[in-house]
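Q: Structure in structure tokens, see below.
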Amino acid sequence: MKQVIPRKAVYRLSVFLRCLHRLEENQVETVSSEALAKAAGVKSSQLRKDLAYFGQFGMKGVGYNVKELSEKITKLLGTNKLQPVILVGVGDLGSALLTYRGFQKEGFEVLAGFDADPRRKRSKIFDVPILPMEDILAFVQKHDIKMAILAVPAAVAQAVANQLITHGIEAILNFAPIMLEVPENCVVNNVNLAMELENLSYFIK
């Protein structure tokens, strides 16, 4: 029976990876589980448990080789080579995401933006083409794309998500303020900026 790995454990891998990158930048070669866990904001037992889902890492009494663990986690997350991504919805938020330079540094390459009105005049200049929605299927198949960023209005988000899944998209980063209903073979991560601000607002009352 295939082991079910909690999504939170996969999320924490990304947190660990960023901590390891900072250690590499500071030319640190080895790190203990306690030190890495503290930097990531988790207990050392949680760190070891999360890594244990994916295999054996580190040596008892020595800790983890920073470069090796960083490379292994990068491979686990599938970002050791550039992952092709499309963005759907080139409004204000979508435009800002298309011009964000950090995706490639983290292992993702946004190849194109798609919009219901691709020729609409926009204030930003993009390095990738803005294409009509009807071109998604051919583009996804040509470039073997499995991941999409969704930045469309809530009213059309579910319909667009359905279209993406039909065309072979298996993972969606959803910026629309709506919970999407998707089949089991598709993974959705929701980014609701208003909810995050509401959460912060509670703590500063």
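Q: May I ask you to compute the full-extension gain from Leu82 to Cys186, defined as 0.36 nm times their residue separation minus their alpha-carbon distance, rounded to one decimal in nm?
A: Difference between extended and current length: 35.4 nm.
Q: When ranked by the protection proxy of mean other Cβ atoms within 10 Å per residue, highest first, what sequence do the peptides 86-97, 34-45, 191-202 form?
A: 86-97, 34-45, 191-202
Q: Something else now. Tell me which residues come under 5 Å, amide H to amide H, from Val110 once H is placed; ignore anything under 5 positions away on its chain.
A: Amide H to amide H, under 5 Å and 5 or more residues apart or across chains, Val110 pairs with Val85.
Q: Among the DSSP beta bridges whose two residues both lie in the chain, what percent are antiparallel, rounded to the nearest 5?
A: 10
Q: Around Leu131, which amide H atoms from residues at least 5 apart in sequence, or from another chain, sit under 5 Å from its own amide H, with H modelled in the peptide plane?
A: The list, which skips near neighbours in sequence, is Gly113, Phe114, Asp115.
Q: For Ile169, what residues show an amide H to amide H distance below 5 Å, using hydrogens built from the backbone and excluding near sequence neighbours?
A: none
Q: Fully extended, how many nm does the chain gain between Arg48 and Thr166 (0.36 nm per residue separation, minus their Cα-Cα distance)?
A: So the chain would gain 38.7 nm between Arg48 and Thr166.
Q: Follow-up. Karplus couplings for region 63-79 from phi (6.51 cos²θ - 1.76 cosθ + 1.60, θ = phi - 60°), rounded to Hz, Gly and Pro as x?
A: Going residue by residue, I get x, 10, 6, 4, 5, 5, 5, 4, 5, 5, 5, 4, 5, 4, 7, x, 10 Hz, with x marking Gly and Pro.
Q: Around Leu150, with a cut-off of 15 angstrom between Cβ atoms, what is the net charge of the other residues, counting Lys and Arg +1 and Asp and Glu -1?
A: -3
Q: Could you tell me which of Gly55, Val28, Val140 has its Cα farthest along the dipole of the chain towards the positive end, charges placed at Cβ (Lys, Arg +1; Asp, Glu -1), taken about the Cα centre?
A: Toward the positive end, the furthest listed residue is Val28.
Q: Enter the Cα centre distance for the pair region 107-152 and region 1-66, rounded to the nearest angstrom.
A: 35
Q: A further question on this structure: Pull out a ≥ b ≥ c, the square roots of the eigenvalues of the alpha-carbon gyration tensor of region 16-101, then state rounded if a/c is under 1.5, prolate if not and a/b is larger than b/c, and oblate in the remaining case.
A: It comes out prolate by the Cα gyration axes.
Q: How high is the relative contact order of region 96-205, in percent, counting Cα pairs under 8 Å that sit 6 or more residues apart?
A: The value is 17 percent.
Q: Still on this structure: By its C-alpha gyration tensor, with a ≥ b ≥ c as the square roots of the eigenvalues, how is region 1-149 shaped: rounded for a/c under 1.5, else prolate for a/b larger than b/c, else oblate?
A: Here region 1-149 falls in the prolate category.
Q: Over the chain, what is the mean sequence separation of C-alpha contacts under 8 Å (at least six apart), divided by residue count, expressed as relative contact order in percent?
A: Relative contact order here is 14 percent.
Q: Residues in region 148-187 near a label at Val4, defined as backbone nitrogen under 18 Å from the 7 Å Cα→Cβ point?
A: Residues 182-187 fall inside that zone.
Q: If the reach is capped at under 27 angstrom between alpha carbons, list the lysines near Lys75, excluding any in the same chain fewer than eight residues apart.
A: Lys2, Lys8, Lys38, Lys43, Lys49, Lys60, Lys67, Lys105, Lys142, Lys146
Q: Please say if region 64-205 is rounded, prolate or oblate, where rounded means a/c under 1.5 for a ≥ b ≥ c the square roots of the C-alpha gyration tensor eigenvalues, and otherwise the choice is prolate for a/b larger than b/c and oblate otherwise?
A: Here region 64-205 falls in the rounded category.
Q: Another question, then. What chymotrypsin sites (Phe, Trp or Tyr not before Pro) in region 80-164 are in a loop by DSSP, with at most 12 other Cβ atoms within 10 Å of the Cβ?
A: Answer by residue number: Tyr100.
Q: How do Arg120, Arg12, Arg101 stack up against each other in accessible area, from largest to smallest, with a 1.4 angstrom probe?
A: Accessible-area ranking of Arg120, Arg12, Arg101, largest first: Arg101, Arg120, Arg12.
Q: Would you kindly derive the ³J(HN,Hα) couplings of region 121-129 from the backbone phi angles with the Karplus curve 6.51 cos²θ - 1.76 cosθ + 1.60 (θ = phi - 60°), listing them in order in whole Hz, with x for Gly and Pro?
A: My calculation for region 121-129 gives 5, 10, 6, 9, 9, 10, 8, 10, x Hz in order.
The values are calculated or read from the model by the stated rules, or taken from the named source; none is laboratory data. None of the values given here were measured: they were computed from a predicted structure. Using ideal geometry, Cβ is built from the backbone for each residue, glycine included, and neighbour counts are taken over all protein chains shown. Just the protein is used for accessible areas: all its heavy atoms, side chains included, with ligands, DNA and RNA removed. Shrake-Rupley method; radii C 1.70, N 1.55, O 1.52, S 1.80 Å.
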